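Engineer: I am attaching a structure below and will ask some questions about it afterwards.
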Amino acid sequence: MCMKADIVVIGGGIVGVLIAHELARRGEDVLIVEKRYLGSGSTFRCGTGIRQQFTDEANVRMMKRAVELRKKYHEAYGFPFKQSGYLFLWYTEEEVEYIKKAVKLQNSLGVPTRLISPDEAKEIVPLLDVSEVIAATRNPTDAKASPFYALASFAKAAREMGARIMEYTEVIGIKRKGSSIDKVITTRGEISTGIVVNATNARAKLINAMAGVPIEIPIEPYKHQSVITQPIKGGTINPMVISLRYHHAYLTQTAHGGVIGGVGVEEGPTYDLTPTYEFLRAVSEAFTKIIPALRNLRILRIRAGFYAKTPDSNPAIGRIKEIDEFYIAAGFSGHGFMMAPSVAEAVADIITKGSTSLPIDRYDPYRFERGELRSKALQMGRNSFY
Amino acid sequence: MRIGEQNGEEVSITFEGKKLTAYAGEPIAIGLLANGIRRLSISMGGRKRGAFYVGPAPVEVNGRKRVDSRKEPISEGMNIRRGRYDDYNKEPETYRTSIERRYYEVIIVGGGPAGIGAAQEISGVVPTALIEKEELGGRAKIREDEFFESISLNRLGDVYERTTALGVFYKGEYVLVPAVQGRKLIEFYAKRVILATGSVAGTMVFENNDMPGIFRVDSALKAITLYKVAPGERIILTGRTPELIDGILRKYGLDYLYVPRVKRVEGEEGVERVYDFEGNVYEADAVIVSDGKYPDINPSTQAGASVRYSDGFLYPETDEKCRINEFVYIAGSARRPFKEHRSSYYHGRMVGSFVLEDLGYEADGRKYEEYVGEYYRYDLGNIPIEKLNHDESFVCGCDVTLKKVLEPIRLGYHELQIIKRLSHVAMGFCQGRYCLMHVVRLLHQLTGKDPNEMDIPSGRPPLWNVKMGILG
């Protein structure tokens, strides 16, 4: 069987689906190839949070745009999306000094983060133990969304606009004719195409190698896990609560009422996604410190997804100049779900118009080769920023 | 209605302000059932729920919320109120008392006939632990199975009852099986693990099938044989395997009517009327659902087994020695749903022998083969979707209606993994044990997809819900 598509997007996670959605919206002929089912990589295992509280300009702007776009599509497609804010808890003067600068930056870019007192934090989430907290930062416009409904809505809309999606189809090779892309070879046949977008995140290196990308883009897969508890009364934990002190924990409540979240215990590089006992212990320890009442809740399950990490925890987004035409949008380091809408816009811009007004220079895939690492993106992972 | 001599002392309790008599030590839900009270909780979706079909059964006791009415023993003076699924206690009351580490050669998870058989085979040769989340005996005990009652329960190695295993974790040459016993966390390490985690009783989809007064076959068996309390006075038995309980009903002199397939139940506080598909209406106060038994695949898949389908059930794929890998073996109805408890027991002995052999001891498991009888073979079954009200029929105890599951399928989502996430089926308290088969059926019915082509979700730790305070 030989198929044809102007553009093949490899990877059916949130980033791949949104890129295809945006391209289809602009009238392009696009086909998504997904190894398993849509969202099966990391999207369906993500922590559901959408944050603009970053510590550098590009990430703040990208996330702000992502929130705007998601809000727009939430209104159009009806998937759940709630701007219930992020609440960071801070425990030392040093942290507070550092974060004050970040708040200033965020405010200057139109993100209304505020430094608040522990008492105000407790008003927002009454179950919090703030006995050691000295300050908190809150941005009420940060958000959370169900990855299931969001992805399904975008995929449905993309299909309606003509995008094709092949699930349970693995890419096993990419054929080139000189510097041009010729075919994408899959377990279910070959696809003739001129443009490939590598949106495989954790497996980006494998796809780069198949295409013969001549530069080193160091994206490594790390196992990150999350937990879900029994459901409790809705509205008990509205914002995404972040405590870097306790294992870099993040937690909130899903639309179904369960408490969801994770800690920065990470393993890797690895493609293994087996949930671990160590995580079960660590997440319980951290969560019950942040909210002691969580001691009483039953854990329903834990599951693992990837943080596809780069050395500076920022993704690689852009065109690979040596190949005609190959684009990469991968290495999201745990921020793919939140950033996806603006990434899709930027990638569609550079494919269809050759440039974008979004600040993706920061994510230049060539920066690793040049040794120009960025400041680390503020990440809930083992490598903290302070 | 009480149907025999009660253990424990007669005590007074209060339920929603009303004074009642019950027996000390029996679970709250049983004591209330004996007083004719079936409605105990409100689900997340606002539905009236009882304690014996699907979903949890939280009540409030002396001001403490979310007490499990199926487990918490009654004591004198208890003041009980109805609970809500989304209740929780704001006071952090769950604390771990200790962490212990124990080393064995073999750990057996599950103390039913298969686990007992395996333990008897192995424990005399190498140090063995038998972990059971409730009491030894499993379904064989609550069915008062004659064969089971004839075997002695000694030579089992170290027995840990009321101990809940969290999962199987591979640690080089050892396998770690952490478990929760009361407020204690025990880390069991062993060279081999036998999962003898048994089967789950099949549920059925019909209108108002979440109503108080509906019983899973196991809950009805427990009420009758362990606590001598009848599920009701006018019992309807339904499903494809009435034989799992009809003998017990007769033995205890409980009249019942067998209705192969129920369309709808109605009632105010619980079941009052039952409708079948032929237009008959029956007065009833209890419906016992007995629709097959299915291997509980969650423990096996959590340990890494792949799932296959045949003969109406999903089962873990194993090699000729019932292994899923070099460390983990599956014994008894966790692998195939045996008809007789005797078969599970001898299958347990057989797997026990295989383990000994693999550990370098002389053993001949095949000698038990002749005692291992048939297992259930059904067809996949179907859900009569064209004859049911989709808003009132529940696929899953977490308020997932037939409508919610059919929607994504009709929208063109034919991947079980996606249907699961869009409908939220198989994501709650039972982690798919009682609802996943219904989704497999529906997907097959609507799309013709072979269950072997479906992407079946793996079990995730913890294998059974445990409280965060014990692990933290």
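Engineer: In which sequence would B:Cys430, B:Cys396, B:Cys435 go, from the one with the fewest C-beta neighbours within 10 Å to the one with the most?
Structural biologist: B:Cys430, B:Cys435, B:Cys396
Engineer: Counting only DSSP beta bridges with both residues in the protein assembly as shown, tell me the antiparallel percent, nearest 5.
Structural biologist: 65
Engineer: Also, I was wondering about something else. Segment B:294-329 to segment B:1-74: how many Å between their Cα centroids?
Structural biologist: 36
Engineer: Given A:Lys64/B:Lys467; B:Lys251/B:Lys293; A:Lys64/B:Lys65; A:Lys35/B:Lys184, which pairs have Cα atoms separated by over 31 Å?
Structural biologist: In this structure, A:Lys64/B:Lys467; A:Lys64/B:Lys65; A:Lys35/B:Lys184 lie more than 31 Å apart at Cα.
Engineer: Dipole size in debye (nearest 20) for chain B around its Cα centre, Lys and Arg Cβ +1, Asp and Glu Cβ -1?
Structural biologist: 1040
Engineer: Given the rule -39500 (n - 2.57) for each run of at least 4 DSSP H residues, summed and divided by the residues of chain B, what is its mean residue ellipticity at 222 nm, to the nearest 500 deg cm²/dmol?
Structural biologist: Roughly -5500 deg cm²/dmol at 222 nm, from the helical runs in chain B.
Engineer: Quick one: Cα centre-to-centre distance for segment A:84-137 and segment A:149-203, in angstrom?
Structural biologist: Taking the Cα centre of each part, segment A:84-137 and segment A:149-203 sit 42 Å apart.
Engineer: Oh, and also: Have a look at B:Tyr258, B:Tyr275, B:Pro58 and report the one farthest towards the positive end of the charge dipole of chain B, computed about the Cα centre with Cβ charges (Lys/Arg +1, Asp/Glu -1).
Structural biologist: Farthest towards the positive end: B:Pro58.
Engineer: Here's another thing I want to ask about it. Set the Förster distance to 45 Å, then compute FRET efficiency between A:Glu93 and A:Asp364 from the Cβ-Cβ distance, nearest 0.05.
Structural biologist: 0.80
Engineer: Which one of A:Ala66, A:Phe368, A:Ile323 is farthest out on the positive end of the charge dipole of chain A, using unit charges on Cβ (Lys, Arg +1; Asp, Glu -1) and the Cα centre as origin?
Structural biologist: The one lying farthest along the dipole's positive direction is A:Ala66.
Engineer: Evaluate E = 1/(1 + (r/R0)^6) for A:Glu57 and A:Lys175, where r is the Cβ-Cβ distance and R0 equals 35 Å; express this FRET efficiency to the nearest 0.05.
Structural biologist: 0.30
Engineer: Counting only the backbone N, which residues of segment B:123-137 are under 16 Å from the spot 7 Å out from the Cα of B:Thr97 toward its beta-carbon?
Structural biologist: No residues fall inside that zone.
Engineer: Once label points are set 7 Å from the Cα along Cα→Cβ at both B:Asp255 and A:Ala255, what is their separation, rounded to one decimal in nm?
Structural biologist: 5.0
Engineer: From the phi angles alone, apply the Karplus equation (6.51, -1.76, 1.60; θ = phi - 60°) to segment B:75-82 and give each ³J(HN,Hα) in whole Hz, x where the residue is Gly or Pro.
Structural biologist: 9, 4, x, 4, 10, 10, 10, 5
Engineer: Among A:Thr141, A:Thr169, A:Thr92, which one shows the highest mean-square fluctuation when chain A is modelled as a Gaussian network with alpha-carbon springs under 10 Å?
Structural biologist: Evaluated over chain A, the most mobile residue of the options is A:Thr92.
Engineer: Could you work out the mean count of beta carbons from other protein chains within 10 Å of each residue's beta carbon in B:41-51?
Structural biologist: Counting Cβ atoms of other protein chains within 10 Å of each residue's Cβ and averaging gives 1.
Engineer: Then there is this: Based only on other Cβ atoms within 10 Å, what is the fewest-to-most ordering of B:Trp464, A:Trp90?
Structural biologist: The fewest-first ordering by Cβ neighbours comes to B:Trp464, A:Trp90.
Engineer: Got a sec? Charge dipole of chain B, +1 on Cβ for Lys and Arg, -1 for Asp and Glu; which of B:Asn452, B:Tyr346, B:Gln181 is way out at the positive end?
Structural biologist: B:Gln181
Engineer: What are the trypsin sites (Lys or Arg not before Pro) within segment B:280-342 that DSSP puts in a loop, where the Cβ has at most 14 other Cβ atoms within 10 Å?
Structural biologist: B:Lys321
Engineer: Where in segment B:15-88 are there trypsin sites (Lys or Arg not before Pro) that are in a DSSP coil and have at most 16 other Cβ atoms within 10 angstrom of their Cβ?
Structural biologist: When the trypsin sites (Lys or Arg not before Pro) of segment B:15-88 are filtered for loop state and at most 16 Cβ neighbours within 10 Å, B:Lys71 remain.
Engineer: Further question: Loop by DSSP (not H, G, I, E, B), at most 15 other beta-carbon atoms within 10 Å: where is the longest site-free stretch of chain A for GluC sites (Glu not before Pro)?
Structural biologist: A:1-131
Engineer: For chain A, with a Gaussian network of springs between Cα atoms less than 10 Å apart, report the residue from A:Lys233, A:Lys122, A:Lys309 with the top mean-square fluctuation.
Structural biologist: In the Gaussian network model the winner is A:Lys233.
Engineer: Give me, ordered by chain and number, the residues 5 or more places off B:Ala57 or on other chains with an amide H under 5 Å from its own placed amide H.
Structural biologist: Answer set, sorted by chain and number: B:Ser69, B:Arg70.
Engineer: Here's something else I'd like to know. Treat each spin label as a single point 7 Å out from the Cα along the C-beta direction, and report the B:Asp364 to A:Leu109 distance in nm.
Structural biologist: 7.5
Engineer: Nothing charged except the Cβ atoms of Lys and Arg (+1) and of Asp and Glu (-1): what's the magnitude of the dipole of the protein assembly as shown about its Cα centre? Round to the nearest 20 debye.
Structural biologist: Its charge dipole is roughly 1560 debye.
Engineer: Still on this structure, I have one more. With a ≥ b ≥ c taken as the square roots of the eigenvalues of the C-alpha gyration tensor of the protein assembly as shown, please select rounded if a/c is under 1.5 and otherwise prolate if a/b is larger than b/c or oblate if it is not?
Structural biologist: The shape class here is prolate.
Engineer: For segment B:1-159, give the share of DSSP beta bridges that are antiparallel, in percent and rounded to the nearest 5; count only bridges with both residues there.
Structural biologist: Counting only bridges with both partners in segment B:1-159, antiparallel ones make up about 60 percent.
Engineer: Another question about this same structure. Looking at segment B:1-79, which GluC sites (Glu not before Pro) are in a loop (DSSP not H, G, I, E or B) and have at most 16 other Cβ atoms within 10 Å?
Structural biologist: Taking segment B:1-79 and a limit of 16 other Cβ atoms within 10 Å, the loop GluC sites (Glu not before Pro) found are B:Glu5, B:Glu9, B:Glu16, B:Glu76.
Engineer: So which cysteines of chain B have no other cysteine's Cβ under 4.7 Å from theirs?
Structural biologist: B:Cys322, B:Cys398, B:Cys430
Engineer: Compute the whole-percent fraction of alpha carbon pairs in chain B spaced more than 32 Å apart.
Structural biologist: Above the 32 Å cut-off, chain B has 40 percent of its Cα pairs.
Engineer: Count charges around A:Gly39 for me, please; just the other residues with Cβ under 14 Å from its Cβ, Lys/Arg as +1, Asp/Glu as -1.
Structural biologist: +3
FYI, it's all coordinate maths here, none of it is from the lab. Everything numeric in this text was worked out from a predicted model, so none of it was measured. Ideal geometry is used to build each Cβ from the backbone, glycine not excepted, and the neighbour counts take in all protein chains shown.
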